[in-house]
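First the structure, in the form of structure tokens, and then the observations on it.
Any read-out appearing in this document is the output of simple, stated calculations on the displayed coordinates, not a laboratory observation. The shown structure was predicted, so the numbers you read here are calculated from the model rather than taken from an experiment. Here the Cβ is made from the backbone with ideal geometry for all residues, glycine too, and neighbour counts use every protein chain on show.
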Amino acid sequence: MEKSIKEMSLEIAKLLEDGKGIDVCVIDVSALNSWTDYFVIATVSSGPHWQGLYKEIKEYIKDTDLEIHKIHNKTSQGNEWNLIDLGPVVVHLMSQEARDFYELEKLWHAGNRIL
């Protein structure tokens, strides 16, 4: 049986938690926009940390219908905020400073936080 997008979002969140991602959350934003259904947000401690988690995500999606559409780095070094667009799931790997500054959970407060 195929997994739902919600199930895959939660599995990606678990993968991030297992990889020492900090304060991982999943927000259902499907009713708020037309371009994605779920945000998975985690704080990372360094560039190598986010890159390791990115490799785990790449490995995970091999067995799903998800694919990486684009990766966006929000700073010149690429360590502050890395957005991985998987289509119906967008993963945000952020430094603590970027997470505190952008406050995505507050910005998307109308979404349904499922984790």
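By the count of neighbouring beta-carbon atoms within 10 Å, fewest first, Trp35, Trp81, Trp108 end up ordered Trp35, Trp108, Trp81.
Hull volume per residue, based on the alpha-carbon atoms of the chain and their convex hull, is 98 Å³.
Highest mean first, the peptides 18-28, 82-92 sorted by other C-beta atoms within 10 Å per residue fall in the order 82-92, 18-28. Among beta bridges identified by DSSP and lying wholly in the chain, the antiparallel ones come to about 75 percent.
As a check on your grasp of the helix formula, calculate [θ] at 222 nm for the chain: sum -39500 (n - 2.57) over DSSP H runs of n ≥ 4, divide by the residue count, round to the nearest 500. All intermediate terms of the calculation are to be shown ahead of the outcome.
Details: 4 runs with 40 residues, N = 115.
Helix-only estimate at 222 nm: -10000 deg cm²/dmol.
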